[in-house]
Number of protein chains: 2
Amino acid sequence: MDTTQLLKGVLDLAVLAVLDGEDGYGYDVVRRLRAAGLEEVGDASVYGTLRRLYAAGHLTSYVVPSAEGPHRKYYGLNVSGRAQLEMATKTWHGFADTMAALLTDPEVAA
Amino acid sequence: MDTTQLLKGVLDLAVLAVLDGEDGYGYDVVRRLRAAGLEEVGDASVYGTLRRLYAAGHLTSYVVPSAEGPHRKYYGLNVSGRAQLEMATKTWHGFADTMAALLTDPEVAA
DNA sequence: GCCGCTACTGCGTTCTGCGCAGTACTGTGC
DNA sequence: GCACAGTACTGCGCAGAACGCAGTAGCGGC
């Protein structure tokens, strides 16, 4: 089954959640997301999301050289990012609850 | 808050859920979805989804004249539609569970 | 006759995830 | 010393889906 469309709008939240508590670089975030169950997420999507969140002012960024390959561009949540994470989490829960209600009891809408 | 992106891929499921048990026409499906909590859903999105699901062979369709306005194009689930509903429901639950785990315990991915 | 509600269609826009190609650095095996 | 695999990021164009808006059309009330 294709979860591509389900990810829309949620990848932001997933990336913010993964970066909460511990900074990470793109390649690493991809691995963390896949390990968490989002196995079909494309790397380009994650890099794009990181850049978008950074452009929106939710992330800080700093480059760290690596001994095992090219430099790594680390990202971390700032105040705005943490606020965004909290807000998006609430929105998600509200949305998920609505969907759960709709699926278990469609008569609410009849 | 903008739930537009969250709806992606889920509107199919929501529409199928609403039509499960009782047939409905577009304008009515919009009202039912809004009543269920998806208040920001656009009418064009619902009509588009109905057409898409119909084109995919998941819905039956029949026109009923109305005394209070133009004719109504009713849609109902067929066998394929019910199968689709079941499958999409499972996919959704799996996805929602993954997200819930990620949000409550990001360390699963650390 | 016009307005407002019901009901559906079609078109163009926007957002965002994806695939793929390209760049570049490191370590391994031949 | 060179091809190759793994790591790490960028850029480009595409596709799917929700949306806004305009248009069409039937109905009833003032």
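Results, tabulated for the structure shown:
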quantity: For residues of B:31-44, the mean tally of beta carbons on other chains within 10 Å; calculated: 3
quantity: Solvent-accessible area per residue, Å², over chain A with all protein chains present [probe radius 1.4 Å]; calculated: 52 Å²
quantity: Inter-label distance, nm, simple model (7 Å from Cα along the C-beta direction), B:SER61/A:SER61; calculated: 4.6 nm
quantity: Chains B and A together, accessible area buried on both sides, 1.4 angstrom probe, square angstrom; calculated: 3200 Å²
quantity: Exercise: per-residue mean of other protein chain Cβ atoms within 10 Å, A:15-22; calculated: 3
quantity: Computed helical MRE - 222 nm, chain A, DSSP H runs ≥ 4 contributing -39500 (n - 2.57), nearest 500; calculated: -17500 deg cm²/dmol
quantity: Mean separation of Cα contacts under 8 Å (6+ apart) over length of chain A, as relative contact order %; calculated: 26 percent
quantity: Check: chain A dipole with +1 on Lys, Arg Cβ and -1 on Asp, Glu Cβ, in debye; calculated: 480 debye
quantity: Packing-based ranking, highest mean first, of A:22-32, A:47-57 given that Cβ atoms within 10 Å are counted; calculated: A:22-32, A:47-57
quantity: Surface/4 of the Cα convex hull for the range A:4-103, nm²; calculated: 6.9 nm²
quantity: Listed residue (B:GLY57, B:GLY21, B:ALA35) projecting farthest to the positive dipole end of chain B, Cβ model; calculated: B:GLY57
quantity: Span from the the range B:1-61 Cα centroid across to the the range A:54-81 one, whole angstrom; calculated: 40 Å
quantity: All aspartates and glutamates inside 17 Å of A:LYS8 as judged from Cα atoms, apart from same-chain residues fewer than 8 positions distant; calculated: A:GLU39, A:GLU40, A:ASP43, B:ASP2, B:ASP12, B:GLU40, B:ASP97
quantity: Shielding by other protein chains, A:3-13, mean Cβ within 10 Å; calculated: 6
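The values are calculated or read from the model by the stated rules, or taken from the named source; none is laboratory data. Since this is a predicted model, take the numbers as computed values, not measurements. We place every Cβ from the backbone using ideal geometry, glycine too, and count neighbours over all the protein chains shown. Quick note on the areas: whole protein, heavy atoms, side chains included, nothing else; ligands and nucleic acids left out. Shrake-Rupley method; radii C 1.70, N 1.55, O 1.52, S 1.80 Å.
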